[in-house]
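Okay, so here's the structure we're looking at.
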Amino acid sequence: MAISPSKENILKKIRKALSHSTPLPFPQKESKQFFFKPQNQELEFEFAAQFTRLQGKFIYCLNHDELISQLKDLLSKRKWNKVYCREEGLRSVLKQNGFDQFSDVALKDCDVALTGCEALVARTGSIVLSAAQQSGRTVSVYAPVHICIAYVNQLVYDIKDALQLVKDKYGDHLPSLITFATGPSRTADIEKTLVVGVHGPGEVYLMLVEA
């Protein structure tokens, strides 16, 4: 197939450009410093502010006793009886502290799903999940309501800090998928009207445990 003179001219310019490396325009800007300056307030307050701004629902718990009390109260008030949880570590912690309201139902039939997380990003109000968790890739996406239980020591300021936390935890065996969930699913594709819960859970709760 013949190439037109104009197209051949463009290709020549591309070949010439590729034959010479182009230096970085601002090499001195490459550093490990934050692009976004950390806030003066504590990470838990920053996370709560960003998370709730994105329609997430934040619950702070001083300890496991308060966690169980708040969780039971929430499930009772919302009449969520079918509780799905696949993470054995999380189930064990909850059982040891007096919660045993798990249901033997399929994910598609549950009212709410419980998971842990890998980290929390304060700057963006994001929950970091991975395929290494026993909840897998689907629980936080297909459940109508997602309740994530996390701890203060999982809070970091920025995304790169969260990725470093995951690297430190798994070393050379990184999870095949790392997900940043930022509030409930939402889209404005249809007539530019914001709709919540289209591609994922309609409600997302973060229960943060101090100790």
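Throughout, read-outs are computed from the coordinates displayed, never taken from laboratory work. Keep in mind the model is a prediction, meaning the values are calculated, not measured. Positions of Cβ are generated from backbone atoms using ideal geometry, with glycine treated the same way; all protein chains shown enter the neighbour counts.
What is the spin-label model distance, in nm, from Asp161 to Glu88 if the labels are put 7 Å beyond Cα along the C-beta direction? Here the modelled spin labels are 3.3 nm apart. Lysine pair count for segment 42-209 with Cα-Cα distance under 22 Å and sequence separation of 8 or more or different chains is 14. For Gly183, nonlocal amide neighbours, meaning residues 5 or more places apart or on other chains whose placed amide H falls under 5 Å from its own, are Ile127. Considered as an equivalent ellipsoid built on the Cα gyration tensor, segment 42-209 has semi-axes of 22, 21, 17 Å, the largest given first.
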